[in-house]
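Remarks on the structure that follows.
Values in this text are rule-based calculations from the coordinates and carry no lab data. Since this is a predicted model, take the numbers as computed values, not measurements. Every residue, glycine among them, receives a Cβ derived from its backbone with ideal geometry; neighbour counts consider all protein chains shown.
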Amino acid sequence: MTTTLENWAAQIRAGDVRAIARAVSAIENQTSDAEALLKALFPYTGRACRVGITGAPGTGKSTLVDRLADHYRAEKKSVGIIAVDPSSPFTGGAILGDRIRMQGHAGDEGIFIRSMATRGYLGGLAQAAGDTALLLDAAGKDTILVETVGVGQGEIEIVRLADCTIVVLVPGMGDDVQSLKAGLMEIADIFVVNKCDREGAGQFEQRLRAILQIVPECDGWKPPVVRTVATEGQGIDELAHQIAAFRQHFASAPNRSAREIAYWKEWLLRLLHARLIERVATHISESDFDALASEVATRKKDPYAAVNEILYRL
């Protein structure tokens, strides 16, 4: 590693905001320095608590993240926030709406906020988001809050990145069966009923708790339900308490090692997938790819043979 990269890594570990911001940009742009930097920082990771927050649009996830950040800063803890925004199908860029809503933390060097584009990845989590979480971990952030796009059932992807997954629900969305969507019940470590000052919040919570009665425990942990009104800061202390309780519970769990291995297995598979796509783009021109697609479209070649041909060329 060059002296420049060594200095850069040292600045990141010291929590230098500008150095961290440059590193995130390098990760997003996939520059040659990004991987070398992450390799140097990886031994210093593994200490932060990664909290994933997901749910349907309009449930108040961004406000909840903002209030959680306030709570942790009051405890003198450093916070990293990764807000995964929908990306434009034309430019690939993100709207950056979450960073706009969190401007109250703009002058606080104990908080680092980054909005990132989904870049078409299932569940709205690009590899760049995972790499950024590693970066913030090495930078000494105590808690890393990852807010997902929360569109469709791709939210399940969040479980591959977070230590603790929070699913945010609200009453009165017109379909209380939202809490039954496949996958959401399985990935949630904590349920939050936000905007519980709305009419019907009590009945909604009762139905949710009834549903949870049939969900099996995971290593002795039953997902709690926390009522919040994020705009008023209500329930945030209880939510932070449940996050800490969850982390403590699994820190002493007998299968902690197995969970960690499963986590990194998913990471390796995702990284391998990305690298294979990169190799295809490097070794096969777009015109060749178009030619193969044309042969498949005209039924001159089946898609399986076309893929095998691509693999053979690699």
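Counting only residues at least eight positions apart within a chain, or on another chain, the aspartates and glutamates with an alpha carbon under 18 Å from that of Lys300 are Asp288, Asp290, Glu309. Taking Cβ atoms as reference points and 11 Å as the exclusive limit, the residues near Pro303 contribute a net charge of -1, counting Lys and Arg as +1 and Asp and Glu as -1. Note on Arg279/Glu109: beta-carbon distance plugged into 1/(1 + (r/R0)^6) with R0 of 41 Å gives a FRET efficiency of 0.55. Semi-axes of the equivalent ellipsoid for region 1-44, computed as √(5λ) from the eigenvalues of its C-alpha gyration tensor and ordered from largest down, come to 14, 13, 9 Å.
Couplings for region 192-198, taken from phi via the Karplus curve 6.51 cos²θ - 1.76 cosθ + 1.60 with θ = phi - 60°, read 10, 9, 8, 6, 6, 7, 6 Hz in order; Gly and Pro are left as x. The 3J(HN,Hα) values that the Karplus relation (6.51, -1.76, 1.60; θ = phi - 60°) gives for region 302-314 are, in residue order, 7, x, 6, 5, 5, 5, 4, 5, 4, 5, 5, 5, 6 Hz. Gly and Pro appear as x. Once backbone amide H atoms are built at 1.01 Å from N, Ile113 has Ile81 as its partners under 5 Å, excluding neighbours fewer than 5 places away on the same chain. Straight-distance candidates among the lysines for linking to Lys222, with alpha-carbon spacing under 20 Å and chain neighbours fewer than 8 residues away dropped: Lys181.
Near the amide H of Ser78, within less than 5 Å, lie the amide hydrogens of Asp142, Thr143, all on another chain or at least 5 residues away, with H placed in the peptide plane.
Each Lys and Arg Cβ is given +1 and each Asp and Glu Cβ -1; about its Cα centre, region 263-313 then shows a dipole of about 200 debye.
Counting only residues at least eight positions apart within a chain, or on another chain, the lysines with an alpha carbon under 18 Å from that of Lys195 are Lys61. The value obtained for region 263-313, namely the Cα convex hull volume divided by the number of residues, is 80 Å³ per residue.
Between beta-carbons, use under 13 Å as the cut-off and find the net charge around Ala253, counting Lys and Arg +1, Asp and Glu -1. Residues near Ala253 contribute -2 overall. Amide H to amide H, with H built 1.01 Å from N, Ile53 comes under 5 Å of Val146, Glu147, Thr148, Ile166, counting only residues 5 or more places away or on other chains.
Dipole magnitude for region 1-44: computed about the Cα centre from +1 point charges on Lys and Arg Cβ and -1 point charges on Asp and Glu Cβ, it is near 100 debye.
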